[in-house]
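Colleague: Have a look at this one before I ask anything.
The values are calculated or read from the model by the stated rules, or taken from the named source; none is laboratory data. Computed from a predicted structure; not experimentally measured. Here the Cβ is made from the backbone with ideal geometry for all residues, glycine too, and neighbour counts use every protein chain on show. Side chains included, ligands, DNA and RNA excluded: accessible areas come from the protein's heavy atoms. Shrake-Rupley method; radii C 1.70, N 1.55, O 1.52, S 1.80 Å.
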Amino acid sequence: MNELEFCLKLKIEASVLAVWIEQGWLVPDSTGFEQQFREADVARGQLILEMTRDMGVNEAGVDLVMELVDQLHSLRGTMQALMAAIGQQDQETRFKILQSLDRHG
């Protein structure tokens, strides 16, 4: 969706969106002269609104939460890649890996 659609969906002003982008809380895709937003951006925007409008979280708090969200997303991707790599191993190796994880979990 484009900037206007995004703002209408979240019921925010374009100036608010510009601040979010400037802060790095949202990183839209750029195609030509227009920025494009995904459903994940909408979810991030809703989280930002809940924190700032509903809970009174300041910019530093939003920075921290958004950084943690990004780290969690990265960790999830890493775990998916690890599980895929484990799944490509032979049965004996998979068993040893999972057994080792059980001892540490």
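Colleague: Assuming R0 = 35 Å, can you tell me the calculated FRET efficiency for the pair Gln36 and Leu64, based on Cβ-Cβ distance, to the nearest 0.05?
Modeller: Efficiency at R0 = 35 Å is approximately 0.85.
Colleague: Also: Given Cα pairs under 8 Å that are at least 6 residues apart, what percent is the relative contact order of the chain?
Modeller: 19
Colleague: Something else now. Could you tell me what percent of the accessible area of the chain is made up of carbon and sulfur, with a 1.4 Å probe and every protein chain present?
Modeller: The computed percentage sits at 56.
Colleague: Mind telling me which of Ile86, Ile12, Ile48 comes out most flexible in a GNM of the chain, alpha-carbon contacts under 10 Å?
Modeller: Ile86
Colleague: Does the range 62-105 come out rounded, prolate or oblate by the C-alpha gyration tensor, with a ≥ b ≥ c the root eigenvalues, rounded set by a/c under 1.5 and, if not, prolate when a/b is larger than b/c and oblate if not?
Modeller: Because a/c hits 1.5 or more and a/b fails to exceed b/c, the range 62-105 counts as oblate.
Colleague: Turning to a different aspect of this structure: What whole-number volume per residue, in cubic angstrom, does the convex hull of the C-alpha atoms of the chain give?
Modeller: With only Cα atoms used, the chain gives 134 Å³ per residue.
Colleague: Tell me whether the range 34-84 comes out rounded, prolate or oblate; compute the Cα gyration tensor, take square roots of the eigenvalues as a ≥ b ≥ c, and use a/c under 1.5 as the rounded threshold.
Modeller: Here the range 34-84 falls in the oblate category.
Colleague: At what distance in nm do the modelled label points of Ala14 and Phe95 sit from each other, each positioned 7 Å from its Cα along Cα→Cβ?
Modeller: Between Ala14 and Phe95, the label points sit 6.4 nm apart.
Colleague: Please identify, among Gln88, Gln46, Gln80, the residue showing maximal mean-square fluctuation in a Gaussian network model of the chain using a 10 angstrom Cα cutoff.
Modeller: Gln88
Colleague: Springs between alpha-carbon atoms under 10 Å, Gaussian network over the chain: tell me which of Thr52, Thr93, Thr78 tops the mean-square fluctuations.
Modeller: Greatest mean-square fluctuation among the candidates belongs to Thr93.
Colleague: Using 1/(1 + (r/R0)^6) with R0 = 22 angstrom and r between the beta carbons of Glu5 and Asp54, what's the FRET efficiency to the nearest 0.05?
Modeller: Efficiency computed from Cβ-Cβ geometry: 0.45.
Colleague: Hey, got a sec? Which trypsin sites (Lys or Arg not before Pro) in the range 2-47 land in a DSSP loop and have at most 16 other Cβ atoms within 10 Å?
Modeller: Lys11, Arg38
Colleague: Follow-up. Using a probe radius of 1.4 Å on heavy atoms only, what accessible surface per residue do you get for the chain? Whole Å² is fine.
Modeller: 73
Colleague: At 1.4 Å probe size, put Val19, Val62, Val57 in order of accessible surface, largest to smallest.
Modeller: Val19, Val57, Val62
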